[in-house]
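For reference, the structure discussed in these notes is given below.
The values are calculated or read from the model by the stated rules, or taken from the named source; none is laboratory data. Quick caveat, the model's predicted, so the values are computed rather than measured. Positions of Cβ are backbone-derived with ideal geometry, glycine not excepted, and every protein chain shown enters the neighbour counts.
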Amino acid sequence: MQRSPLRDLIVGLFVFFGLASIGYLSINVGGLYYSGPSGFKLVATFDEVGDLKPRAAVVIAGVKVGQVVSIELDDILRARCELDVDPSLGLDVETSAAIMTAGLLGEKFVALEPGGADEMLESGDEIDRTVSALSIENLVGKFVNDSGLEED
Amino acid sequence: MADVFDAGVLSLPVVCLSGAVVGGTLSLLGYTTLVRFGAEEALGALVGLAVIRELGPVLTALLVTGRAGSAIAAEIATMVTTEQLDGLRMMSVDPIDFVVSPKALALLLVMPLLAGLFIVFALAGGYMIAVGLLGVDGGSFTGSMEGAVKFWNDVVGSFSKAITFGALTGLIATYRGYISEPTAAGVSASTTGTVVIASVSILVFDFFLNGFWGV
């Protein structure tokens, strides 16, 4: 087998384009980006998270600013979510967190809404004002109860 | 290098062309169904998920098996028939190290790269058909695709499938070539055996990868 520079070049180009296509799929289509954990952690405790999952987006005014790191039960059986958000935002202590749904049946995400306080949240702080996930089953249940369809 | 060239670069035209055509077909097929529900914006999600999760790795593996796996089996089987491997052994060169394993490794390396190119061409083909021919909005096509495809579930799963299939094809092709009878019938039997066994085991492995690991 003799050496052939042209063939080696073509093989190199092939490998390059193959890796480039994998990179394109990962970053553009798959949405992989690694900024690393920002190190700015907030805790929000909800009564009901629905099907919120770790790595779900955290948004402010529709703009993604972080993600959910973990969801676990705390000692009074509420869902304790750890959020990793951009530290440069300067969120104040009156910030509220709500679990919203993208579209009617889409994915759950956490929406933050800044308040008007002067005091800022520090990393590790807890967001006091939270709005739980809206569950369609519960809504329908309430509606059925209120409308008296279930009365004997 | 020579093995990567044979298995990878020479498979490029068939893989790219098939990719583009498969993407276009999926767009046409998905559009006729989705448009009944007024959901043609979801076409990007459909094409993206189908191509990345299933069709990309599986079809690439089948194409590469037919194109490169059979060639490798035939080459090794011919070496057995013409006693080239015995010649290597006489020079105390291990034919496994010198002939067999480079070819198997080349297939293992080439498979994820070709799968990536197949997927990119399929997405491009699907996009062109959807946007150019069917009049779906380009932004909603890519938007729904990017919304539906997740890196950890779909892209990583896709390439771990491709690597598994590359290993499978490499092992089966080289093994079938290596154990072939040193006759003309033996060469043809090993080529046929490679394509049949590798194709079936790719589909079976795909089923079990989906079922057990949800890849």
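Scan the stretch B:17-48 residue by residue and report those that are touching a residue at least 12 places away in the same chain (Cβ under 8 Å), of a type in the set (Gly, Ala, Ser) and over 30 Å from B:Ala74 (Cβ atoms).
Result: B:Gly23, B:Gly24, B:Ser27, B:Gly30, B:Ala42, B:Gly44, B:Ala45, B:Gly48.
Might you check whether a residue that is in contact with a Ser or Thr (Cβ under 8 Å, 6 or more places away or on another chain), within 12 Å of another protein chain (Cβ to nearest Cβ) and of a type outside the set (S, T, N, Q) occurs anywhere in the stretch B:72-83?
no
Looking for whichever is without any contact (Cβ under 8 Å) to a residue 40 or more places away in the chain and either in a helix (DSSP H, G or I) or in contact with a helix residue (DSSP H, G or I) (Cβ under 6 Å, 6 or more places away or on another chain) (or both) here; the options are B:Phe165, B:Phe207. Which one fits?
Checking each option against the conditions leaves just B:Phe207.
How many residues are hydroxyl-bearing (Ser, Thr, Tyr) and within 13 Å of chain A (Cβ to nearest Cβ) if we restrict to the stretch B:100-122?
Here is the first cut: in the stretch B:100-122, the ones hydroxyl-bearing (Ser, Thr, Tyr) are B:101.
So of that shortlist, the ones also within 13 Å of chain A (Cβ to nearest Cβ) come out as none.
Of the residues in that region, 0 qualify.
Across the stretch B:169-186, which residue is farthest from the other protein chains (Cβ to nearest Cβ) among those that are of a type in the set (A, V, I, L, M, F, W, C) and surrounded by fewer than 23 Cβ atoms within 10 Å (Cβ to Cβ)?
So, considering only residues that are of a type in the set (A, V, I, L, M, F, W, C) and surrounded by fewer than 23 Cβ atoms within 10 Å (Cβ to Cβ), the one farthest from the other protein chains (Cβ to nearest Cβ) is B:Ala185.
Please name all residue pairs, on different chains or six or more residues apart, with Cβ atoms under 7 Å, provided the first residue is in the stretch A:7-32 and is closer than 19 Å to B:Ser160 by Cα and within 7 Å of another protein chain (Cβ to nearest Cβ) and the second residue is among the small types (Gly, Ala, Ser) and part of a helix (DSSP H, G or I).
A:Gly18/B:Gly116; A:Ser21/B:Gly116; A:Ile22/B:Gly116; A:Leu25/B:Gly116; A:Val29/B:Gly48; A:Leu32/A:Ser26
Against the condition closer than 30 Å to B:Ala50 by Cβ, more than 14 Å from chain B (Cβ to nearest Cβ) and touching a residue at least 12 places away in the same chain (Cβ under 8 Å), how does A:Val93 come out, does it pass?
no
Modelled with pLDDT under 90, out of contact with any Leu (no Cβ under 6 Å at 6 or more places or on another chain), under 30 Å from A:Asp8 (Cβ atoms) and charged (D, E, K, R), is that true of B:Asp137?
no
Out of the stretch A:41-70, which residues are of a type in the set (S, T, N, Q) and touching a Ser or Thr at 6+ places or on another chain (Cβ under 7 Å)?
If the condition is that a residue be of a type in the set (S, T, N, Q) and touching a Ser or Thr at 6+ places or on another chain (Cβ under 7 Å), then A:Thr45 is the only one that fits.
If I filter the stretch B:200-210 down to residues being touching a Leu at 6+ places or on another chain (Cβ under 7 Å) and over 10 Å from B:Ile172 (Cα atoms), which single residue comes out as surrounded by the fewest Cβ atoms within 10 Å (Cβ to Cβ)?
B:Phe205
Given B:Leu113, B:Leu108, which one is closer than 17 Å to B:Ser70 by Cα and modelled with pLDDT under 95?
Answer to the check: B:Leu108.
Please work out which one of (1) over 21 Å from B:Gly69 (Cα atoms); (2) within 10 Å of another protein chain (Cβ to nearest Cβ); (3) at pLDDT 90 or above is the condition B:Val155 fails and give its number.
Here B:Val155 clears every test but (3).
Looking at (1) modelled with pLDDT under 90; (2) under 29 Å from B:Gly186 (Cα atoms); (3) among the charged types (D, E, K, R), can you tell me which one B:Arg67 breaks?
If we test B:Arg67 against (1) modelled with pLDDT under 90; (2) under 29 Å from B:Gly186 (Cα atoms); (3) among the charged types (D, E, K, R), just (1) comes out false.
I'd like to verify a number: residues in the stretch B:123-142 that are more than 11 Å from every other protein chain (Cβ to nearest Cβ) and assigned to a helix (DSSP H, G or I), how many?
Counting residues in the stretch B:123-142 that are more than 11 Å from every other protein chain (Cβ to nearest Cβ) and assigned to a helix (DSSP H, G or I) gives 13.
Select from the stretch B:17-41 the residues that are crowded, with 18+ Cβ neighbours inside 10 Å and within 14 Å of chain A (Cβ to nearest Cβ) and write down the one among them that is nearest to B:Asp137 (Cα to Cα).
B:Gly23
If you take the residues in the stretch B:1-16 that are among the aliphatic types (A, V, I, L, M) and in contact (Cβ under 8 Å) with a residue 40 or more places away in the chain, which one is surrounded by the most Cβ atoms within 10 Å (Cβ to Cβ)?
B:Ala7
Does A:Asp51 count as assigned to a loop (DSSP other than H, G, I, E, B), at pLDDT 85 or above and on the phi < 0 side of the Ramachandran plot?
no
Pull up the stretch B:42-56, narrow it to residues that are small (Gly, Ala, Ser) and surrounded by fewer than 23 Cβ atoms within 10 Å (Cβ to Cβ), then point me to the one that is farthest from the other protein chains (Cβ to nearest Cβ).
Result: B:Ala50.
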